[in-house]
Amino acid sequence: MRNEFAKDFPSTDGATIPTYSTEATRDFYTRTWESGTRHSTVVVRHVKDAKLAAYTAVQFKEGSTAAAQQSPWVAKDFRGHHLSTLAKTANALTLAKKGFRYIDTENATNNVEMLATNRRLGFYLRGCEGDFVSVYRNGTWTSA
Ligand SMILES: CC(C)(COP(=O)(O)OP(=O)(O)OC[C@H]1O[C@@H](n2cnc3c(N)ncnc32)[C@H](O)[C@@H]1OP(=O)(O)O)[C@@H](O)C(=O)NCCC(=O)NCCS
């Protein structure tokens with residue numbers, strides 16, 4: 001999943017596509033777990049063939065009120081059906097039951113699909129950073 005996401009994750013100009021080995025991924029999750037960080041993840045699979053369609057994850061520490069959005073992603077074949085809205089809503093309901101009141105996220109302004117999804121879900125602007133990133137769309141990186 002991490003490799004699929006990395007292929008079209010909005011990235012700084014001149015980006016190359018990183019790949020993550022199973023070992024590196026296991027190491028990442030082991031170290032974050034040992035640091036007291038927890039993940040809540042929603043994975044969507046197609047009922048017909050169990051093909052991976054979408055996933056989303058947040059990180060959080062028990063006892064806090066805000067979780068941090070990690071990596072919403074919808075497989076190219078499944079985009080255009082609001083799957084990221086559904087996956088993020090399912091995760092938000094789980095977090096609300098745990099007592100979380102906020103989810104913090106970052107959104108490149110040229111990532112229009114993610115921006116529309118987040119607005120629909122009730123996210124609002126709290127601040128900004130002056131990074132310039134490109135979005136991978138229709139086979140190429142575009143910066144605006
Ligand atoms: C961002 C992403 C998860 C959205 O996938 P999705 O759930 O299939 O999104 P949809 O195509 O259903 O569109 C979601 C919203 O964007 C809008 N949208 C779609 N294409 C658009 C466009 N070209 N311009 C403006 N809005 C657009 C839709 O109308 C919809 O808005 P609505 O909820 O108000 O109706 C998906 O594009 C993706 O995986 N991108 C690569 C990874 C990524 O960028 N993740 C986010 C990193 S922060």
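The values are calculated or read from the model by the stated rules, or taken from the named source; none is laboratory data. All values reported here derive from a predicted model rather than from experimental measurement. Note that each Cβ is placed from the backbone with ideal geometry, even for glycine, and that neighbours are counted across all protein chains shown.
Say we look at the stretch 48-66 and pick out the residues that are more than 15 Å from the ligand (Cβ to nearest atom) and aliphatic (A, V, I, L, M); which of these is surrounded by the most Cβ atoms within 10 Å (Cβ to Cβ)?
66
Check whether at least one residue in the stretch 121-141 is among the β-branched types (Val, Ile, Thr), surrounded by 17 or more Cβ atoms within 10 Å (Cβ to Cβ) and either at pLDDT 95 or above or assigned to a loop (DSSP other than H, G, I, E, B) (or both), and report yes or no.
no
Does the stretch 88-144 hold any residues that are near the ligand (Cβ under 8 Å from one of its atoms) and among the hydrophobic types (A, V, I, L, M, F, W, C), and which are they?
108, 112, 114, 115, 116, 135
Residues are listed down the side, and each one gets a yes or a no for (1) under 27 Å from residue 141 (Cα atoms); (2) over 13 Å from the mean Cα position of the chain (by Cα):
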site: 1; (1), (2): yes, no
site: 26; (1), (2): no, yes
site: 34; (1), (2): no, yes
site: 59; (1), (2): no, no
site: 77; (1), (2): yes, yes
site: 85; (1), (2): yes, no
site: 91; (1), (2): no, no
site: 101; (1), (2): no, yes
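Starting from the stretch 67-83, keep only residues that are more than 16 Å from residue 111 (Cα to Cα) and more than 8 Å from the ligand (Cβ to nearest atom), then list their pairs with residues that are hydrophobic (A, V, I, L, M, F, W, C) and part of a loop (DSSP other than H, G, I, E, B) whose Cβ atoms are within a distance under 7 Å, requiring at least 6 positions of separation or different chains.
67/100
For residue 118, state whether it is touching a residue at least 60 places away in the same chain (Cβ under 8 Å) and either closer than 29 Å to residue 48 by Cα or out of contact with any Gly (no Cβ under 6 Å at 6 or more places or on another chain) (or both).
no
Is it fair to say residue 104 is more than 20 Å from residue 51 (Cβ to Cβ) and loosely packed, with under 15 Cβ neighbours inside 10 Å?
Yes, satisfied.
Sort through 26, 38, 45 and tell me the only one that's modelled with pLDDT of 95 or more, among the charged types (D, E, K, R), out of contact with any Gly (no Cβ under 6 Å at 6 or more places or on another chain) and more than 16 Å from the ligand (Cβ to nearest atom).
The match here is 38.
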